[in-house]
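Participant: One structure, pasted below without further comment.
The values are calculated or read from the model by the stated rules, or taken from the named source; none is laboratory data. Keep in mind that this is a model prediction, so the values were computed, not measured. So basically every Cβ, Gly included, is an ideal-geometry build from the backbone, and we count neighbours across all protein chains shown.
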Amino acid sequence: MQTPMTHQDQLQILTVPHPVLRKKAERITEADYKTVSQILPSMFSSMYQAQGIGLAAPQVGISLRFFVIDLMRDDTADPRIFINPEIISFSEEINSHREGCLSIPDQFEEVTRPAAIKVRFQDEKFNLQELEADGLLATCIQHELDHLDGILFIDHISKLKRDMIMKKMQKRKKLLSSSAA
């Protein structure tokens, strides 16, 4: 598997409408462990550089089922790794958070999701774990897990709002490509 590196070991974060963002990521097997272990530091580095709180592998062009999160509560690092995650239960209670995405820069909308979840995943040592999460952590896990299934936060909002965001993104892409020329 080839990783899209830039200088300084930063990964390029893909933006919509890149096709990898809409593809369902492959489950990680034992054969992928070494590659995943090697890419994790760059995932965190790229996420911090972009001032994000979560980054899924498809966002950097890697179609494998893993993501990293660090909510940086009280300015304290709390890096978390989720490999082959699956939500095994949802609360009936729902919550709305203003969500944004590194793959849809500078766009934010209210998204409603289950308020609490229980997730099963493998950690960085590939040991099976379960975690109950609520609040921002639950929202972030659901957002990043959506990326692994080719779903973006804009898929959870009205078609009108989604179309407006996509028009802004097309305009942004044109501006970036004309300024790079």
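Participant: Going through the range 73-89 one residue at a time, which ones are of a type outside the set (G, A, S), out of contact with any helix residue (DSSP H, G or I) (no Cβ under 9 Å at 6 or more places or on another chain) and more than 20 Å from K24 (Cβ to Cβ)?
Facilitator: D74, D75, T76, D78
Participant: On to the next question. Within the range 93-102, identify whether any single residue is over 26 Å from L160 (Cα atoms), surrounded by fewer than 19 Cβ atoms within 10 Å (Cβ to Cβ) and polar (S, T, N, Q), and answer yes or no.
Facilitator: No, there is no match, as no residue in the range 93-102 is over 26 Å from L160 (Cα atoms), surrounded by fewer than 19 Cβ atoms within 10 Å (Cβ to Cβ) and polar (S, T, N, Q).
Participant: Could you please let me know if E99 is in a loop (DSSP other than H, G, I, E, B), modelled with pLDDT of 95 or more and acidic (D, E)?
Facilitator: It is false that E99 is in a loop (DSSP other than H, G, I, E, B), modelled with pLDDT of 95 or more and acidic (D, E).
Participant: With D134, D146, D106, D155 as the choices, which residue is within 18 Å of the chain's Cα centre (by Cα), of a type in the set (D, E, K, R) and closer than 15 Å to F67 by Cα?
Facilitator: D146
Participant: Can you tell me which residue in the range 136-181 is nearest to G61 (Cα to Cα), limited to those that are among the small types (G, A, S) and at pLDDT 95 or above?
Facilitator: G150
Participant: Is the range 95-106 home to any residue that is among the basic types (K, R) and in contact with a helix residue (DSSP H, G or I) (Cβ under 8 Å, 6 or more places away or on another chain)?
Facilitator: No: the range 95-106 contains no residue that is among the basic types (K, R) and in contact with a helix residue (DSSP H, G or I) (Cβ under 8 Å, 6 or more places away or on another chain).
Participant: Go through the range 41-84 and report how many residues are crowded, with 19+ Cβ neighbours inside 10 Å, of a type in the set (K, R) and in a helix (DSSP H, G or I).
Facilitator: So the count comes out to 0.
Participant: Could you please find all residues in the range 18-32 being closer than 19 Å to C101 by Cβ and touching a residue at least 12 places away in the same chain (Cβ under 8 Å)?
Facilitator: H18, V20, L21, R22, K23, K24, A25
Participant: Could you list, in sequence order, all residues of the range 58-108 that are out of contact with any Leu (no Cβ under 7 Å at 6 or more places or on another chain), closer than 14 Å to L148 by Cβ and β-branched (V, I, T)?
Facilitator: Scanning the range 58-108 gives I62, I69, I83.
Participant: Test of understanding: among T15, T35, which residue is within 14 Å of E124 (Cβ to Cβ) and touching a residue at least 12 places away in the same chain (Cβ under 8 Å)?
Facilitator: T35
Participant: Here's a follow-up. Quick one: how many residues across the range 109-125 are surrounded by 14 or more Cβ atoms within 10 Å (Cβ to Cβ) and within 16 Å of I83 (Cβ to Cβ)?
Facilitator: 5
Participant: Take R27 and decide whether it is surrounded by 14 or more Cβ atoms within 10 Å (Cβ to Cβ), more than 24 Å from A115 (Cα to Cα) and among the basic types (K, R).
Facilitator: Answer is no for this residue.
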